[in-house]
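A.B. asks: Have a look at the structure that comes next, please.
No lab work stands behind these numbers, since they all come straight from the coordinates. Keep in mind that what you see is a predicted model, and the values were worked out from it rather than measured. Reconstructed Cβ throughout: ideal geometry from the backbone, glycine too, with neighbour counts over all protein chains shown.
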Ligand code: PMV
């Protein structure tokens, strides 16, 4: 293949996502050991401009640079270089790239403890897909973009669709390679709110990659795979039937199972903080006392996501959230809701002479 372009500049936007059933543990080339289901966030996203320059590529791959929020970030480069190496099969034009310059920013506050690798790799993969589609004169292939994003960060493959996305194979439904959009949910699941309580914005003591690796020899590994797959199947049913209480039960069980796996791995570790538990108790108490449709979840960190529905929006926001502020770092709660998938903002191609 010899590329007809000299350069390309693609601007993209991709959301972060929060898992309702959790991906924890990898197999093969960054596939989950179990199925997971998530929703994209509306306000927490990454906006990137990716500038590709074609020409003779060095044997170690294209020269990559990353400017993140105005600063040169060389510490992320090894992960990005690995991504380019892995994505070559899907995007052979990588072999014809001289350089790639990524200029990126997050819409969520700096150092908020919210992981940005999902949104960042989804954005980068979509930019690559735009180039590939132009080379092939074809439509965008979102499955391919999602499969590529997975090679950078597993959960990134779930950031391509509006609404709920399944990753993993369950009774012939879904795919281990890429995220699959859940086309229909009952109307009460169309609008969902997420208030993210920032208990700590400090870097985690044990990162996700190390956590996934500890699942390899985890004594509960097989039981966890069965639990997550059963929970994902059940959740799909509750989304379809509109059963908020049952879906909330699964959501909370999955958050605690994830942190339970951390606490029982070797070496064991704890990412929750005392404030995390205090917030969890307040949410459960409020739900009981006020019959509110409000639940919590956690990703691999200490910051609870408070998930609530239209029917309880007013009381949660006016009565519950103010009581959680004092448990958050500088009273910080990020208000978000279920959002849309990754999209291209603008693209520009310069043809070779
Ligand atoms: O995509 P990674 O490698 O950052 O792993 C994410 C894992 C969790 O956020 C804890 C769960 C999930 O399914 O998103």
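A.B. asks: Based on Cα coordinates alone, diagonalise the gyration tensor for the stretch 311-353, multiply each eigenvalue by 5, take square roots, and list the semi-axes in whole Å, largest first.
C.D. replies: Values: eigenvalues 368, 46, 6 Å².
They are 43, 15, 5 Å, listed from largest to smallest.
A.B. asks: Once the mean 1/r over all distinct Cα pairs of the stretch 1-53 is inverted, what Kirkwood radius in angstroms do you read off? Mind dumping the intermediate values first?
C.D. replies: Working: mean 1/r = 0.0703 Å⁻¹.
The answer is 14.2 Å.
A.B. asks: Would you mind calculating the relative contact order of the stretch 265-353 from Cα pairs under 8 angstrom and at least 6 residues apart, reporting the percent as a whole number?
C.D. replies: Numbers: 61 pairs, mean separation 19.8, N = 89.
Relative CO of the stretch 265-353 lands at 22 percent.
A.B. asks: Also, I was wondering about something else. Taking just the C-alpha trace of the stretch 149-295, give me its Rg and Dmax in Å.
C.D. replies: Calculated on Cα positions, Rg and Dmax stand at 16.5, 45 Å.
A.B. asks: Can I ask one more? Please report 238, 167 as a ranked list, fewest other C-beta atoms within 10 angstrom at the top and most at the bottom.
C.D. replies: Working: 238 21, 167 29.
In order of increasing Cβ crowding within 10 Å: 238, 167.
A.B. asks: I've got another one for you. Mind ranking 95-105, 116-126, 70-80, 28-38 by how tightly packed they are, going by the mean number of other C-beta atoms within 10 angstrom, highest first? Provide the component values of the computation, followed by the final result.
C.D. replies: Details: 95-105: 18.1, 116-126: 28.6, 70-80: 12.0, 28-38: 21.5.
Highest to lowest by the protection proxy: 116-126, 28-38, 95-105, 70-80.
A.B. asks: Over the residues of the stretch 90-228, compute the C-alpha Rg and express it relative to 2.2 N^0.38 Å. Intermediate values should be presented prior to the final figure.
C.D. replies: Numbers: Rg = 17.6 Å, N = 139, 2.2 N^0.38 = 14.3 Å.
Expressed relative to 2.2 N^0.38 Å, the Cα Rg reads 1.22.
A.B. asks: So how many Å³ per residue does the convex hull of the Cα atoms of the stretch 73-166 work out to? Don't skip to the answer; put the middle values down first.
C.D. replies: Numbers: hull volume 11.0 nm³, N = 94.
Normalising the Cα hull of the stretch 73-166 by residue number yields 117 Å³.
A.B. asks: Now for a separate question. Quick check on the chain: take the gyration tensor over C-alpha atoms, sort the square-rooted eigenvalues as a ≥ b ≥ c, and tell me if it's rounded (a/c under 1.5), prolate or oblate. Show your work: numbers first, answer last.
C.D. replies: Numbers: a/c = 1.76, a/b = 1.71, b/c = 1.03.
Prolate, since a/c reaches 1.5 and a/b exceeds b/c.
A.B. asks: Using a/c under 1.5 as the rounded threshold, could you call the stretch 246-286 rounded, prolate or oblate? The axes a ≥ b ≥ c are square roots of the C-alpha gyration tensor eigenvalues, and prolate needs a/b larger than b/c, oblate otherwise. Intermediate values should be presented prior to the final figure.
C.D. replies: On the way: a/c = 4.62, a/b = 1.43, b/c = 3.22.
Because a/c hits 1.5 or more and a/b fails to exceed b/c, the stretch 246-286 counts as oblate.
A.B. asks: Now for a different question. Let a ≥ b ≥ c be the square roots of the eigenvalues of the Cα gyration tensor of the stretch 235-353; is it rounded (a/c under 1.5), or, if not, prolate (a/b larger than b/c) or oblate?
C.D. replies: Numbers: a/c = 1.69, a/b = 1.42, b/c = 1.19.
Prolate shape, in that a/c is at least 1.5 and a/b is the bigger ratio.
A.B. asks: With each run of n ≥ 4 DSSP H residues scored as -39500 (n - 2.57), what mean residue ellipticity at 222 nm is computed for the chain after dividing by its residue count and rounding to the nearest 500 deg cm²/dmol? Write out the running numbers ahead of the final one.
C.D. replies: Working: 8 runs with 112 residues, N = 353.
When only DSSP H runs of four or more count, the value is -10000 deg cm²/dmol.
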